[in-house]
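Participant: What follows is a structure written as structure tokens; I'll ask about it next.
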Amino acid sequence: MTVPAALEQYLESQRERFEEDLCEILRIPSVSTDSRHRGDVRRGAEWVASQFQAMGLEAEICETTGHPIVFAQSAPVTGKPVALVYGHYDVQPPDPLSEWKSPPFEPTRRDGNIYARGATDDKGQMLTHVKSAQAWMATAGSLPIQLKFVIEGEEEVGSGGMYGFLDTNRDRLQADIAVISDTSQFAPGQPAITYGLKGIAYYELRLVGPRQDLHSGTFGGAVTNPANTLSKMLSALVDSKGRVQVPHFYDKVVPLGDEERKQFAALPFSESAFMKQIGVDGVSGEEGYTTLERRWARPTCDINGLTSGYQGEGAKTVLPSRASAKFSFRLVPNQDPHDVTVELKKMLQAMCPPGIAMELIDFHGAPGFVLPLDSPYMAAASRAIEQGFGRAPVFIREGGSIPIVNTFKEQLKIDTLLLGWGLDDDNTHSPNEKFSLADFHRGIKASACLWQELAELG
Ligand code: BES
Ligand code: ZN
């Protein structure tokens, strides 16, 4: 069933205003990991809350141990399912700033896209559900099902505050299905529903050697160099075949089934186009797996930041007193981030030589998951996407993480629909993040259709 004609007309007539509203939230530098942006993150929450209030919904800014969560809900609709819409208004740091063609918090339209940090991840995608709700309220006076919105400000730093919030608000958050748009389409013009994401385990390793930096000629070779040690430790994490070397890391990994491997292989993925997109002349990874398998369904390890010694112009012969690295593992279903922490710590401690003090900081972790494909909710979402995007979605997995999805299952006993409107080349977490404005509007339409499709499930 299509949505009412009045609603379609409304969406058409409001395109410009929706884009303006998107620009408004994109101007708020709500960088959750950076304490200097604390106030901006709160302004992000206030902006989101004001959107709900403007459409006549109750909205509340809920305090947490970290950044606030915005909660809003529409009226109950008897006999119809309840959907919990989750999204995040926080963003990743915009660094490196010099590589942005237009400033990260001055949203700029170019070639049919909007460029800004958070354009697709997740302000633009999150807003599609807010706008579809607004459209229903404005044209029909109510929504066809009850929506409960939870929009948080800590997704990009592991969702720390969400766990307590779910715990204390379990009754209020009761729903039949969760809906998240914070993933991607398979390709331009080919929408997707994501049925699996990776988990994560994120660390910082700090090594301290001598009291202060030393002359590398006078002391080198006789005093343990923290940068040398860090390099050894990091290179021990993955072997030449791309296998993670943390003990017991693969113990619980479920092997990729032949059926799923066939499904991945049947998708129109071009490795050469992929290499061209990221500007490399070759790819590598775990031996025995294709690029899509590595990206979507195999655990990995990546250094995210690396610091030691002299970084200025020219050469300086110095034995640095400290070295540190931020690194993370992406996990697949069944792997437990806590197990990784225990084994990793033991492994690194055993490698730590005399003269070096080691500290391992465990930032955050979450397990990976796959979602059921055969539910009526999936079918409803598929129909809604077809109406919004003009093409039926394919089913994919992705390599990113959304930590709270597992907890929705565990605490609220509900599955999640991951309906992504982004694209692989949207530059999330990197310079020149963008979101296609056409997909923004298609996403709003798909979302508006989804509420109707879910209502028809009764
Ligand atoms: N939108 C992403 C999740 C995502 C990325 C899904 C790529 C599919 C493909 C999300 O906002 C994100 O980046 N999450 C973090 C979570 C982490 C900090 C706990 C991530 O994956 O790095
Ligand atoms: Zn992100």
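Participant: Can you tell me which residue in segment 399-458 is nearest to ligand 1 (Cβ to nearest atom), limited to those that are in contact with a Pro (Cβ under 7 Å, 6 or more places away or on another chain) and part of a loop (DSSP other than H, G, I, E, B)?
Facilitator: L423
Participant: While we're here: When you scan segment 91-100, do you find a residue that is in contact with a Ser or Thr (Cβ under 8 Å, 6 or more places away or on another chain) and either hydroxyl-bearing (S, T, Y) or part of a helix (DSSP H, G or I) (or both), even just one?
Facilitator: No - not one qualifying residue is present in segment 91-100.
Participant: For segment 339-381, how many residues are in contact with a strand residue (DSSP E or B) (Cβ under 7 Å, 6 or more places away or on another chain), of a type in the set (A, V, I, L, M) and either surrounded by fewer than 18 Cβ atoms within 10 Å (Cβ to Cβ) or within 30 Å of I444 (Cβ to Cβ) (or both)?
Facilitator: The qualifying residues number 9.
Participant: Only one of A380, A392 is assigned to a helix (DSSP H, G or I) and at pLDDT 95 or above; which?
Facilitator: Among A380, A392, only A380 is assigned to a helix (DSSP H, G or I) and at pLDDT 95 or above.
Participant: Can you tell me which of (1) free of Cβ contacts under 8 Å to residues at least 40 places away in the same chain; (2) more than 21 Å from the chain's Cα centre (by Cα); (3) assigned to a helix (DSSP H, G or I) is the one L11 doesn't meet?
Facilitator: With (1) free of Cβ contacts under 8 Å to residues at least 40 places away in the same chain; (2) more than 21 Å from the chain's Cα centre (by Cα); (3) assigned to a helix (DSSP H, G or I) applied to L11, the lone miss is (1).
Participant: Exactly one condition in (1) more than 28 Å from M347 (Cα to Cα); (2) in a helix (DSSP H, G or I); (3) not basic (K, R) is not met by F269; state its number.
Facilitator: Among (1) more than 28 Å from M347 (Cα to Cα); (2) in a helix (DSSP H, G or I); (3) not basic (K, R), F269 violates only (2).
Participant: On to the next question. If only one of A83, A75 is assigned to a loop (DSSP other than H, G, I, E, B) and touching a strand residue (DSSP E or B) at 6+ places or on another chain (Cβ under 7 Å), which one is it?
Facilitator: None of the others qualify; the one that does is A75.
Participant: Residue check: is G422 within 25 Å of V157 (Cβ to Cβ) and of a type outside the set (F, W, Y)?
Facilitator: In short, yes.
Participant: Would you check if there is a residue in segment 358-365 being modelled with pLDDT of 95 or more, closer than 15 Å to V246 by Cα and of a type in the set (A, V, I, L, M, F, W, C)?
Facilitator: The answer is yes; a qualifying residue exists.
Participant: Within segment 145-173, restricting attention to residues that are among the acidic types (D, E) and assigned to a helix (DSSP H, G or I), which residue is farthest from S328 (Cα to Cα)?
Facilitator: D167
Participant: In this structure, does N427 turn out to be within 16 Å of ligand 2 (Cβ to nearest atom), of a type outside the set (F, W, Y), over 15 Å from the mean Cα position of the chain (by Cα) and surrounded by fewer than 22 Cβ atoms within 10 Å (Cβ to Cβ)?
Facilitator: No.
The values are calculated or read from the model by the stated rules, or taken from the named source; none is laboratory data. Quick caveat: nothing in here was measured; it's all calculated off a predicted structure. Backbone-built Cβ (ideal geometry, glycine too); neighbour counts: all protein chains shown.
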